[in-house]
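One structure is given below, encoded as structure tokens.
The values are calculated or read from the model by the stated rules, or taken from the named source; none is laboratory data. Every value quoted in this text rests on a predicted model; they were computed, and no experiment measured them. Glycine also receives a Cβ, built like all others from the backbone with ideal geometry; neighbour counts cover every protein chain displayed.
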Ligand code: SF4
């Protein structure tokens with residue numbers, strides 16, 4: 001009974017989703033399921049996703065549904081999930097569930113946050129800690145336009161850091177030194193551009 005009640009509670013966790021790309025090679029190592037969330041408390045000048053900053057309702061999806069969708073992409077070569085935004089740690093509780101589910105299925109988790117890891121740990125928030133505990137790779141720190149850089153893959157400005165929080169990946173993995181890539185998709189009259197490092201324009205929607 002306790003387990004059933006716990007399971008029911010988990011299914012109620014939802015993520016306010018700005019964008020999903022089910023398979024991309026431009027948002028972390030290998031092919032990845034990329035999930036952008038809506039809402040960010042930061043206002044970095046030159047933010048590449050300005051339409052994702054306001055905390056407003058976009059598309060509500062359960063953590064279970066998102067995790068199942070990502071796990072289904074394993075058969076297409078997807079090795080992990082990337083969480084972007086917006087600010088993933090503003091929805092830490094539901095995203096920790098997504099991350100836990102996909103990692104249990106063998107996928108890795110990469111998170112891009114505007115907070116530094118020190119700021120996240122200082123919050124002493126159990127949901128933030130839970131998402132950190134399910135994160136293999138963390139890119140942290142505000143985007144600083146005046147320190148914009150393309151020198152490191154997947155990292156937008158020199159102040160940002162890539163943390164290897166588990167042994168899932170190694171710094172000498174040659175994929176981390178490969179050039180950045182940008183992907184352009186057109187589907188149902190909508191154009192999506194994602195990847196790095198289009199200065200000031202990482203993920204855009206149009207149509
Ligand atoms: S933390 Fe990221 S999403 Fe938020 S304003 Fe800065 S660059 Fe944009």
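All conditions but one from (1) away from the ligand (no atom under 16 Å from the Cβ); (2) farther than 19 Å from residue 167 by Cα; (3) not in a helix (DSSP H, G or I) apply to residue 54; the one that does not is (1).
Looking at 168, 175, can you tell me which residue is over 25 Å from residue 38 (Cβ atoms), at pLDDT 95 or above and more than 16 Å from the chain's Cα centre (by Cα)? Lay out the reasoning, then the answer.
Details: 175 fails: at pLDDT 95 or above.
When all the criteria are applied, what remains is 168.
Tallying residues that are assigned to a loop (DSSP other than H, G, I, E, B), near the ligand (Cβ under 10 Å from one of its atoms) and within 12 Å of the chain's Cα centre (by Cα) within region 16-51 yields 0. Scanning region 104-143 for residues that are surrounded by fewer than 20 Cβ atoms within 10 Å (Cβ to Cβ), assigned to a helix (DSSP H, G or I) and away from the ligand (no atom under 12 Å from the Cβ) turns up 104, 117, 118, 121, 122, 126, 127, 129, 130, 133.
Considering only residues in region 148-194 that are in contact (Cβ under 8 Å) with a residue 40 or more places away in the chain, within 15 Å of the ligand (Cβ to nearest atom) and in a strand (DSSP E or B), the one that is nearest to residue 22 (Cα to Cα) turns out to be 194.
Cβ separations smaller than 8 Å between residues 6+ apart or across chains give the following pairs from region 126-147 residues that are within 19 Å of residue 106 (Cβ to Cβ) to residues that are within 16 Å of the ligand (Cβ to nearest atom) and in a loop (DSSP other than H, G, I, E, B): 137/28.
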